[in-house]
Amino acid sequence: MTQKSPPTGSPCWIDIPAVDVEACKEFYSTLFPSWEFKEPTEAKLAMWSFASPSGLSGGIVQVSASCKNNKLQNGMGVTVYHFVESIDEIKKRVEGLGGLSCSGKEKAGDHGMWMYFKDVEGNRFGVYEMIAGEGGH
């Protein structure tokens, strides 16, 4: 089977740094069961792929000019957002798995809500929930 290359500029890989690869893999495989982990090829790497369709997109968000890259506060650096059906349900699951909430639930225009979390290794990620109605569920 020939794999088609994505358009130039498309995200093609996400590194999630972890000291304990297995603990981090357990966190994400339990939180997001649709992630398809592959058989390990080495102990220091746990590869996965997203279920199709991926629906991956992104945005460049303006932050305060006083923000410095070495502080990695909410809104700083690159953040991967994962689509979820319910932020409230994911919050319970993240905290139950040993992760942390890093923000409150915030409105994203008229179409959705987002929230920041940290995994068991301290990596920040976001989740996004569509609001019922136009384009929502």
Neighbourhood charge, 12 Å Cβ-Cβ cut-off, centred on TYR116 and excluding it, Lys, Arg +1 and Asp, Glu -1: +2
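If we sort 114-127, 96-109, 17-30 on the protection proxy, mean other Cβ atoms within 10 Å, highest first, what's the order? Intermediate results must be reported in sequence, preceding the final value.
Values: 114-127: 18.4, 96-109: 13.1, 17-30: 15.4.
Descending packing order for the listed peptides: 114-127, 17-30, 96-109.
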Within straight-line cross-link reach of LYS91, aspartates and glutamates at Cα separation under 19 Å, skipping those fewer than 8 residues along the same chain: GLU26, GLU106, ASP119, GLU121, GLU129
Amide H partners (placed H, <5 Å) of TYR81, local residues excluded: GLY126
Net charge of neighbours whose Cβ lies under 13 Å from the Cβ of LYS44, counting Lys and Arg as +1 and Asp and Glu as -1: -3
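For the range 78-135, what is the Kirkwood hydrodynamic radius in Å, using each pair of distinct C-alpha atoms? Write out the running numbers ahead of the final one.
Working: mean 1/r = 0.0866 Å⁻¹.
That comes to 11.5 Å for the range 78-135.
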Vicinal HN-Hα couplings computed from phi for the range 95-100 (Karplus, 6.51 cos²θ - 1.76 cosθ + 1.60; Hz; Gly/Pro x): 5, x, 8, x, x, 10
Nitroxide proxy distance, nm - points 7 Å out along Cα→Cβ at MET47 and ASP15: 1.6
Gain in span if fully extended, GLU89 to ASP110, counting 0.36 nm per residue against the direct Cα distance: 5.5 nm
Cut-off under 5 Å, modelled amide H: who pairs with GLY112 long-range: ILE131
Rounded to whole Hz, the Karplus (6.51, -1.76, 1.60) HN-Hα couplings of the range 18-23, x for glycine and proline: 7, 6, 9, 4, 5, 5
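Read-outs: derived from the displayed coordinates by stated rules, not from any lab. The structure displayed is predicted, hence computed values, not measured ones. Please note: Cβ atoms are built from the backbone with ideal geometry, for glycine as well, and neighbour counts cover all protein chains shown.
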